[in-house]
1. So which of Cys118, Cys112 ends up being part of a helix (DSSP H, G or I) and under 18 Å from Leu153 (Cβ atoms)?
2. Could you grab me the full set of residues in the stretch 121-148 that are over 13 Å from Phe81 (Cβ atoms), assigned to a helix (DSSP H, G or I) and among the hydrophobic types (A, V, I, L, M, F, W, C)?
3. Somewhere in the stretch 124-137, is a residue out of contact with any Phe, Trp or Tyr (no Cβ under 9 Å at 6 or more places or on another chain) and surrounded by 22 or more Cβ atoms within 10 Å (Cβ to Cβ)?
4. Failed condition for Lys227, given (1) among the basic types (Lys, Arg); (2) surrounded by fewer than 17 Cβ atoms within 10 Å (Cβ to Cβ); (3) over 27 Å from Glu87 (Cα atoms), with all others met?
5. Output the residues belonging to the stretch 170-214 that are among the polar types (S, T, N, Q), closer than 27 Å to Lys91 by Cβ and either crowded, with 20+ Cβ neighbours inside 10 Å or touching a strand residue (DSSP E or B) at 6+ places or on another chain (Cβ under 9 Å) (or both).
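Each reported figure results from applying straightforward, stated rules to the coordinates on display, with no laboratory input. Not measured: the values here are computed from a predicted model. Note that each Cβ is placed from the backbone with ideal geometry, even for glycine, and that neighbours are counted across all protein chains shown.
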Amino acid sequence: MQTIRHQGAWHIRIAGIWRYPQLERSCCHDLTLPIWSPFDPESIAWQPDILEMADTVPFATTVYLLRHAHAAWASPGLRDFDRPLDERGRKDAAIVADAMRERDYRPDVVYCSTAERCAETLRIVSQVLPPETEIVMLESLYGNDHRYYLGVLHDCRSSSVMLIGHNPMIEDTANALTATAAEGAARRLQNGFPTAGLAIISLTEPVEAGGGNGHLDVLLTPKKLRKHKED
């Protein structure tokens with residue numbers, strides 16, 4: 001077992017697997033505890049009263065899906081995982097960050113792939129997030145499909161959550177969560193989910209394994225935001 005403290009909480013690793021902060025009935029899971037918790041992190045996994053808390057905490061009602069910004073092509077010897085943003089990507093991420101600030105988009109928690117292009121996108125976007133925003137880095141967002149993304153959302157106990165990840169997973173997650181959509185947002189999503197695209201989806205029910213019954217409020221794209229600024 002391994003523990004770390006992040007943003008005032010204990011994140012606990014059990015059975016050699018980092019997953020995501022949650023409270024669930026499982027032998028392999030992460031638990032998040034306030035630092036004032038009287039419980040010992042080494043024994044908390046076996047506290048049934050803590051596990052029961054999962055039934056009383058809220059679910060995410062606002063989901064922000066952000067695809068990483070445009071990345072440079074891999075050079076010889078550079079792994080795909082390590083590809084950084086290019087100049088276009090850094091500018092696009094900054095445009096989206098400005099839009100988030102102007103629209104007061106403030107997720108309570110951000111789950112981000114540890115791939116360099118996602119981490120760099122997060123570094124730019126996090127400049128407009130409140131200091132109390134919880135940041136969780138998940139390598140598993142790099143290699144798993146959209147069903148894993150849905151699982152992260154299902155287990156999230158915050159009212160608003162952002163995922164920063166990859167395609168096709170981000171686009172597939174948006175489609176799985178969306179039952180209805182604003183006309184402009186639906187049209188943009190049909191054309192694909194661009195790099196640095198940001199979808200905001202409202203939910204009235206918890207995310208399930210097959211998706212959700214959400215409403216796609218908006219799909220922001222760097223191209224559209226840039227055009228809006230020029231107008």
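1. Cys118
2. Passing the criteria: Leu122, Ile124, Val125, Val128.
3. yes
4. Result: Lys227 fails condition (3) only.
5. If the condition is that a residue be among the polar types (S, T, N, Q), closer than 27 Å to Lys91 by Cβ and either crowded, with 20+ Cβ neighbours inside 10 Å or touching a strand residue (DSSP E or B) at 6+ places or on another chain (Cβ under 9 Å) (or both), then Thr173, Thr195 are the ones that fit.
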